[in-house]
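Nothing in this text is a laboratory measurement; each read-out follows from the coordinates by a stated rule. Here the structure is a predicted model, which is why all the values come from computation and not from measurement. All Cβ positions, even for glycine, are placed from backbone atoms using ideal geometry, and neighbour counts span all protein chains on display.
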Amino acid sequence: MVKNNRNSKNLQNTRVKLLGENTASKIAAGEVIESPLSIVKELIENSLDANSSIINISIENGGINKISVIDDGDGIHPNDLELIFQRFATSKINSINDLFQLTTLGFRGEALPSISAVSKINLISKKIDSSGFEIEFFNGKKIKHKVSAISKGTNINVTNLFENIPARLKFLGTSTQESSKIKTLISDYSIIYPNVKFVLISDSVTKISTPGTGDILEAYSSIHGNEITESMLKLELDKMISGVTSNTSIARGNRSNIKFSVNQRIIKNSSLVYAVETAYSGLIEPRRFPFTFINIKIDPKLIDVNVHPAKTEIKFRDEREIFRTILDVVRTTITHQSSIPEINYKKNNSYPENFNKINSNLYDSNIKTPKSFFDKNDDFKNNKELNNNFNLTEEKISLEESKVIGVLDNTFIICTHKSGILIIDQHGAHERINFESILEDLKKKKNIGQSLLEPIIIDINESKFTKLISHRLTFKKFGLDFEELDDTSIIIRSIPSIISTSKDIYGKLIEIIEDIDSKKITDWQYWISAEIACKASVKARTKLTINECEELIKNLSNCKEIHDPHGRPVIMRLPINTIKNQFHRS
């Protein structure tokens, strides 16, 4: 029998011993400080606990070279400067019972000692009624302590990260990846604390600057842009629930924009994410997810935040009740506030920026959806009850003979026609128009790209990165020109002209990239055409004037097919005879 005891000889005569203080402090620090992100999180949480109204964060090389956090908070008492660098020294709790009624973000007294154990940290602080003092630690040892001139608040600089644990550096991401994580963290806290002005500067470039006015939508807009924010609805339930969630016109291909905080602490909870998904069930397409940020205010006695060193996981005493509350408030908000607005029948010859006039002189070849491209969705055709009243045929209908009479739910155009009533999906129709236009331009070898004045950098995972690079030339045909920046990021220098007028170009690009893994792609040229057409098309619940609807139908009448590129129907017809029969008229 072979024994797996590679160190058994060495261990036979060893005795238990206490680790040295230096080794112990590094191990303890590893539980709290895993990366530059950990440091930024701990420092800004201290700033928030200190009642700061302005927090400036500056990082170099993804925070690996330098992290600076400056706030205008309450400051630290001079007599406490050395004490705060000792483990478990804290002003936020006094006994074990305080853990169950926490009202602060920090509480364990581990952040600063952990940071000082693995880096060089310089701290300057001043309370309003005392002098300013400076203290500096390097690898856990004090090297400076003196009086220093500073305004009220605290200024912390961290350098030489993991210099004494070089192996830890190997496990960090690239500069771009670490910067992206920090940006996401600051973005989240900006929305949780809209009354605080956050500024993030990365390698001398301002990445975030929030207004700090206290308005959550203004904070959200400074992070996600106006186009997305215009689709956001405010959530509110007594004093327990607040936040924002998107209406049904906007969604993404992943759950990364569904976020939560509990008592203003960022948390991760898959059950609550599922509650939001359930609330949108049937209102947005499958495998699409909303933008949601929910703040939960709850009695601290009903939660336990001391579950994980990162303090991002918490336990609820009654998670099922929280789940039901989230589901109900989100569902109620999107169904009530997203109800049909008054239809604007006023003639208007102007067009919204994202509404493209399409050249209707399309080529004559038939455009069909390859059966192998997507799994065919036969839900529409298999619904016998629906087909008894509505015709979902792909027969050619003379749309020139139709007349727009209104729009249902800012999504479906209602027309009268000699054959009955036509209902046209505005997004699907525009998608078909754009799709055929893109293929026509491609056939004529037109330049369909728009160069960017400022290139866009996007971080992506390994599987998507490999697919993107392997089909780079195909993307370039459609105007999307990019190159490798490093192992997991690309720099985009040109985009398809058809999406260049969008207010959220970055969001459109992210949607295209995220969709790469959503289906098995067998025809990349077809898939890219369909994706670009989809992202460039007017969305459901986008308000169109009657003139715009008429222009859309005019261009649709010139298309070769009346289904969208994914195979879904664009037009439903309610025959006049069916209407007569329903009213028992011959």
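Give the residue from H336, F291, L272 lying farthest towards the positive end of the charge dipole for region 231-337; charges sit on Cβ (+1 for Lys and Arg, -1 for Asp and Glu) and the dipole is referred to the Cα centre.
The listed residue farthest towards the positive side: F291.
Arrange L302, L480, L509, L172 by Cβ neighbour counts within 10 Å, fewest through most, would you?
Listing L302, L480, L509, L172 from fewest to most nearby Cβ atoms yields L302, L172, L509, L480.
Could you work out how much longer the chain between Q86 and S256 gets when fully extended? Use 0.36 nm per residue separation minus the Cα distance between them, nm to one decimal.
57.5 nm
Could you list M232, M572, M240 in order of exposure, starting from the residue whose Cβ has the fewest other Cβ atoms within 10 Å?
Arranged by neighbour count, lowest to highest, M232, M572, M240 become M240, M572, M232.
For region 150-238, which GluC sites (Glu not before Pro) are both in a DSSP coil and crowded by at most 12 other Cβ atoms within 10 Å? Walk me through the intermediate numbers first.
Details: sites: E163, E178, E218, E227, E230, E236; in loops: E163, E230.
Within region 150-238, no GluC sites (Glu not before Pro) qualify (loop, at most 12 other Cβ atoms within 10 Å).
For the pairs K239/K315; K418/K535; K476/K508; K152/K181, note any where the Cα-Cα span goes beyond 22 Å.
Table pairs above 22 Å Cα-Cα are K418/K535; K152/K181.
Rounding to the nearest 20 debye, state how big the charge dipole of region 231-337 is about its Cα centre with +1 on each Lys and Arg Cβ and -1 on each Asp and Glu Cβ.
The calculated dipole for region 231-337 is roughly 260 debye.
List E110, E431 from most exposed to least, where exposure is judged by having the fewest other Cβ atoms within 10 Å.
E110, E431
Using only Cα positions of region 107-206, each an equal point scatterer, no hydration layer, compute I(q)/I(0) via Debye at q = 0.10, 0.13, 0.22 Å⁻¹ and quote the log10 values to two decimals.
Debye intensities relative to I(0), on a log10 scale: -0.38, -0.65, -1.29.
I'd like the FRET efficiency for E34 and D238, computed as 1/(1 + (r/R0)^6) with the beta carbon distance as r and R0 of 35 Å, rounded to 0.05.
Here the calculated transfer efficiency is 0.40.
Over the Cα atoms of region 430-557, what Rg and Dmax result, in angstrom?
Rg, Dmax (Cα atoms, Å): 15.2, 49.
With each pseudo-label sitting 7 Å past Cα toward Cβ, what's the E484-R472 distance in nm, one decimal?
0.7 nm
If each Cα of region 240-333 is one equal point scatterer, what is log10 of I(q)/I(0) from the Debye formula at q = 0.19 Å⁻¹?
One equal scatterer on each Cα of region 240-333 leads to -0.86.
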